[in-house]
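The values are calculated or read from the model by the stated rules, or taken from the named source; none is laboratory data. Bear in mind that the values here come from a model prediction, so they are computed numbers and not experimental data. Methodologically, a virtual Cβ is constructed for each residue, glycine included, from the backbone with ideal geometry; neighbour enumeration extends over all protein chains shown. Calculation scope for accessible area: heavy atoms of the full protein, side chains included, ligands and nucleic acids excluded. Shrake-Rupley method; radii C 1.70, N 1.55, O 1.52, S 1.80 Å.
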Amino acid sequence: MGITIRQAVEQDVEAISVLLGEVEAYYGGDHEPADETQVHVALFAEPPAATVLLAVDGTAVVGLASFSRLWPAAGADTSMYLKELFVAEPARRRGIGAQLLDAVKEAAVEAGCSRLEWTGDTDNPTALTFYKKLGAPIHQTKTFYRLPL
């Protein structure tokens, strides 16, 4: 049985919370599942903060892509912003990240977006190599800012 890519549903909140704990650990934080109430509100309140696609291997959730639409992009166009693309360690190097990204691109096209955008951590050469192989150019003219609230 292969990998299935599908949109997250409310019954996936626990699995998403566990996977977000893995994401946090990957970035040097605690390997604790995310707060399930926060996940539920973010994904299933109206309006949702993001859309999440899951990579499922049998019954196990092994990856996720979280994305949102942004406006304006160029002129009055809309873009899709990929916030997180993550595949659990045991499932890496199987093409799952590419499958998730293809599904996000498809969602962007279906939503009428003119482009797909994301950032990559400069200290993550594995991800940067993956993105380079996709043929996506680095935009040297953009700088990322973050203001804690």
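Placing unit charges on each Cβ (+1 for Lys and Arg, -1 for Asp and Glu) gives the chain a dipole about its Cα centre, and among ASN124, ILE16, GLY2 the Cα reaching farthest toward its positive end belongs to ASN124. Take 124-130, 45-51 and order them by the average number of nearby Cβ atoms within 10 Å per residue, most first; the result is 124-130, 45-51. Rounded to the nearest 500 deg cm²/dmol, what is the calculated helix-only ellipticity per residue at 222 nm for the chain, with -39500 (n - 2.57) per DSSP H run of length n ≥ 4? Roughly -10000 deg cm²/dmol at 222 nm, from the helical runs in the chain.
Taking the Cα centre of the stretch 53-149 as origin and assigning +1 to Lys and Arg Cβ atoms and -1 to Asp and Glu Cβ atoms, the resulting dipole is close to 200 debye. Can you give me the % of accessible surface on the chain that is carbon or sulfur? Probe 1.4 Å, all protein chains present, nothing else counted. Heavy-atom surface of the chain belonging to carbon and sulfur, 1.4 Å probe: 53 percent. Summary of the geometry: the stretch 126-149 and the stretch 9-31, compared by the centres of their Cα atoms, lie 22 Å apart. The mean accessible area for residues of the stretch 62-144, using a 1.4 Å probe and ignoring ligands and nucleic acids, is 65 Å² per residue.
Annotation: peptides 30-38, 74-82, ranked by per-residue average of other Cβ atoms within 10 Å with the highest first, follow the order 74-82, 30-38. Between LYS83 and SER66, PHE67, SER68, the built amide H atoms are under 5 Å apart, and every one of these is 5 or more places off in sequence or on another chain.
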